[in-house]
Amino acid sequence: GNSVTQMEGPVTLSEEAFLTINCTYTATGYPSLFWYVQYPGEGLQLLLKATKADDKGSNKGFEATYRKETTSFHLEKGSVQVSDSAVYFCALKWSGYSTLTFGKGTMLLVSP
Amino acid sequence: DGGITQSPKYLFRKEGQNVTLSCEQNLNHDAMYWYRQDPGQGLRLIYYSQIVNDFQKGDIAEGYSVSREKKESFPLTVTSAQKNPTAFYLCASSIAGQETQYFGPGTRLLVL
């Protein structure tokens, strides 16, 4: 079946460091891919998405590129801020299906 | 402002009791979802509904029940049959056929 695997956290970085959170998926065909962010005590917010191979999603300085050859959708940011501290979820969805499959989440902690 | 509301933010239940979590949206979305979040487990789908008066079981429906009598409301009942109900519960909604799900702020259920 479909599954999403994320790197385990927490990821701890200093402010202005470069961020990579790895996400790979197992699926037949080409699903749409998402990154959601959850700030402490809150629900999830869509951060970015990509719907086909080689698409790049971007938002708030975060980027992720849909790589079909490596079935990956790694999240990157060039310079993190303390306010980026949150849990990040990678997810996939098939066209025609209404449900998302989530990874287990990766906690990011950014210190000043 | 349009959005999804979940109430209450915290809910306490005694063993053997049923409890109902509220989810309301004014986004005019057709589809609604309930997820359970446990530490280190990511999000798991409990139930979803794509249209009024219809709903489907997700991956972990045992011990839960839902109703969808109105488009804007999708309450979740955690029954006494759910043996480990302590968790963070998230409600989401989406436009039918579209990929982005919008999440509420969540309800944390604690069993006393």
Residue tally, condition away from chain A (no Cβ under 14 Å) and within 12 Å of the chain's Cα centre (by Cα), over region B:94-112: 1
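Which strands (runs of 3 or more DSSP E) sit wholly inside region A:1-87 and have at least 1 residues that are within 14 Å of chain B (Cβ to nearest Cβ) and among the small types (Gly, Ala, Ser)?
A:3-6, A:32-38, A:44-50, A:56-59
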Counted residues, region B:86-112 - those being farther than 27 Å from A:Leu92 by Cα and either free of Cβ contacts under 8 Å to residues at least 12 places away in the same chain or not aliphatic (A, V, I, L, M) (or both): 0
Members of region B:32-46 found to be at negative phi and either of a type in the set (D, E, K, R) or within 7 Å of chain A (Cβ to nearest Cβ) (or both), listed by number: B:Arg36, B:Asp38, B:Gln41, B:Leu43, B:Arg44, B:Leu45
Close pairs (8 angstrom Cβ cut-off, 6 or more residues apart or separate chains): touching a residue at least 24 places away in the same chain (Cβ under 8 Å) and farther than 13 Å from B:Tyr48 by Cα in region B:63-85, exposed (fewer than 15 other Cβ atoms within 10 Å of the Cβ) and of a type in the set (Ser, Thr, Tyr) anywhere: B:Thr77/B:Thr20; B:Val78/B:Thr20
Evaluation of B:Cys91 against (1) more than 9 Å from chain A (Cβ to nearest Cβ); (2) at pLDDT 95 or above (one fails), failing number: (1)
Qualifying strands (runs of 3 or more DSSP E) (wholly inside region B:1-82; at least 1 residues being surrounded by 17 or more Cβ atoms within 10 Å (Cβ to Cβ) and acidic (Asp, Glu)): B:19-25
Whichever residue in region A:91-112 is part of a loop (DSSP other than H, G, I, E, B) and more than 7 Å from chain B (Cβ to nearest Cβ) and, among such residues, is modelled with the highest pLDDT: A:Pro112
Residue within region A:1-24 that is among the small types (Gly, Ala, Ser) and crowded, with 20+ Cβ neighbours inside 10 Å present: no
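The values are calculated or read from the model by the stated rules, or taken from the named source; none is laboratory data. Just so you know, these numbers come straight off a predicted model, no measurement behind them. Every residue, glycine among them, receives a Cβ derived from its backbone with ideal geometry; neighbour counts consider all protein chains shown.
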